[in-house]
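The values are calculated or read from the model by the stated rules, or taken from the named source; none is laboratory data. Keep in mind that what you see is a predicted model, and the values were worked out from it rather than measured. With ideal geometry, Cβ positions are generated from the backbone for all residues, glycine too; neighbour counts draw on all protein chains shown.
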Amino acid sequence: MTSNKPKSSIVIIGNGISGITTARHIRKQSNVEITIISDESPYFFSRTALMYVYMGHMQFEHTQPYENNFWEKNKISLVHKRVAKLISEKHMLAFEDGSSIVYDKLVIATGSKPNRFGWPGQNLKAVQGLYHKQDLEQLEAWSGSIKSATIVGGGLIGIELAEMLHSRGKKVHFLVRESSFWNAILPEEESEMINQHIRLHGIDLQLETELKGIESNEEGRAKGVHTTRNEFIECQWVGLTVGVSPNIDFLKNSSLETGKGIKVNSFLETNLPHVYAIGDCAEQTEPLEGRQPIEAVWYTGRMMGETLAKTLVGEKTKYVPGNWFNSAKFFDIEYQTYGTVTSTPVYEEEQQLFWKHPKKNNSIRLSFNPSTNTLLGCITMGVRLRHSVFDEWLTNKEPMDSVIKNFKTANFDPEFYPTYEKELTMEWETLKRHNNP
């Protein structure tokens, strides 16, 4: 094994949003040497845009927010290699090609990998997930021979894949274990809206249906799936989208403390000195009330990167994730969520105001504390809100009367997005009369 004198004192494994945000914010505050390692792509790209490359809306290079010379200009070294092992007692990373690099401080931001649960046939050709750039390339390589595809798992990646394949004219079968799409997250009305919307696009949505196994043709390629309904679905490609898990296999024999992810404290420190973990691969040992130990979300990854950068330049900073926020698209229905909105609320702790357009896929759901009448959270479908306004309301525990009265200020762009303040006000007044007869 050869060892090269390090070019940097801070080494970052992973060039996703967490790792890149850390590097950029360190550079804004310090001239310390930085190296970013990734075996996925030489340059940072927007992972959420991969689907639009497949759908023909953009070229892959358009997913890269920075010019290729940005990194050299900012004196950030890029290493396109795969890390095989962490040798923490030597402050060293060993690469698969036999070379190595040493570090003064190490940031692990290796993201997630698609889950596989030991199904028969899960390792056949034309069976894959969708997370990495290589997954997109693999899907593209198979696409010419796909007439029918089966997607297993009803989360955000699953519905993205359904839209992608549908855009190429493929027949799509969509197996979802739950009784309604994403109903652990979405309340009943929103979940049913998406069920109908998926089917309206010609997708064969099969609820309460799981994968039993994948059958192979004589060439070792998937030719169909067996379901828990004892049905065989003929297809030439299978997408496994039953969630993701931290991408930390290369750390199995290291001294790092791991659970599902790499365990970190509120300063994003691991159990090893000068070793940190952020993003999808980090598992909080002390998550805030109502938050998950692992949050595989773009927004939290960016926030962790910004926080850790301060610590790495000498301003030790606690990670405070702020109010929960996420967004997605279900085909052409935009979805936003802020704060806490449970799919099955406990009445004494959370009440909800819900309005839905009688004909369109537009809805607003506000959750509030029934004892104080203060805002807890929001879910919108087909209604885009201003993040800054809602974030401030949640931080200030805004009274519901004030939220309803000023809801127009939260509308993202009234010129292009319809506003429904009048209808929401009527629903609120009705709910208040019901609560206070």
Candidate set from segment 423-437 (those that are within 15 Å of Val403 (Cα to Cα) and touching a residue at least 12 places away in the same chain (Cβ under 8 Å)); member that is nearest to the chain's Cα centre (by Cα): Leu424
Residue satisfying all of: in segment 48-97; part of a helix (DSSP H, G or I) and β-branched (Val, Ile, Thr); surrounded by the fewest Cβ atoms within 10 Å (Cβ to Cβ) among these: Thr48
Any chance Phe44 is closer than 23 Å to Val275 by Cα and without any contact (Cβ under 8 Å) to a residue 40 or more places away in the chain: yes
Test: residue in segment 110-125 that is among the β-branched types (Val, Ile, Thr) and within 26 Å of Glu219 (Cα to Cα): no
Residue list for segment 226-246, filter: part of a strand (DSSP E or B), buried (at least 17 other Cβ atoms within 10 Å of the Cβ) and either without any contact (Cβ under 8 Å) to a residue 12 or more places away in the chain or out of contact with any His (no Cβ under 8 Å at 6 or more places or on another chain) (or both): His226, Thr227, Trp237, Val238, Gly239, Leu240, Val244, Ser245, Pro246
Qualifying residues in segment 137-174 (those that are among the hydroxyl-bearing types (Ser, Thr, Tyr) and within 20 Å of Ile214 (Cβ to Cβ)) - the one surrounded by the fewest Cβ atoms within 10 Å (Cβ to Cβ): Ser145
Looking only at segment 418-436, and only at residues there that are within 13 Å of Ser363 (Cα to Cα) and of a type in the set (Ser, Thr, Tyr), the one that is modelled with the lowest pLDDT: Thr419
The one condition in (1) assigned to a loop (DSSP other than H, G, I, E, B); (2) more than 15 Å from the chain's Cα centre (by Cα); (3) not assigned by TED's automatic domain parsing to the domain that holds Glu392 that Ala296 fails to fulfil: (2)
Answer residue from segment 364-392, given it is aliphatic (A, V, I, L, M) and touching a Cys at 6+ places or on another chain (Cβ under 9 Å) and is surrounded by the most Cβ atoms within 10 Å (Cβ to Cβ) among those: Leu366
Conditions (1) buried (at least 19 other Cβ atoms within 10 Å of the Cβ); (2) small (Gly, Ala, Ser); (3) touching a Leu at 6+ places or on another chain (Cβ under 7 Å); number of the one not met by Ser343: (1)
Residue tally, condition more than 23 Å from Tyr299 (Cβ to Cβ) and in contact (Cβ under 8 Å) with a residue 12 or more places away in the chain, over segment 372-404: 7
Among (1) within 30 Å of Lys90 (Cβ to Cβ); (2) charged (D, E, K, R); (3) touching a residue at least 12 places away in the same chain (Cβ under 8 Å) - the single one Glu192 does not satisfy: (1)
Meets criteria (of a type in the set (Gly, Ala, Ser), modelled with pLDDT of 95 or more and in contact with a helix residue (DSSP H, G or I) (Cβ under 7 Å, 6 or more places away or on another chain)) for Ala109: yes
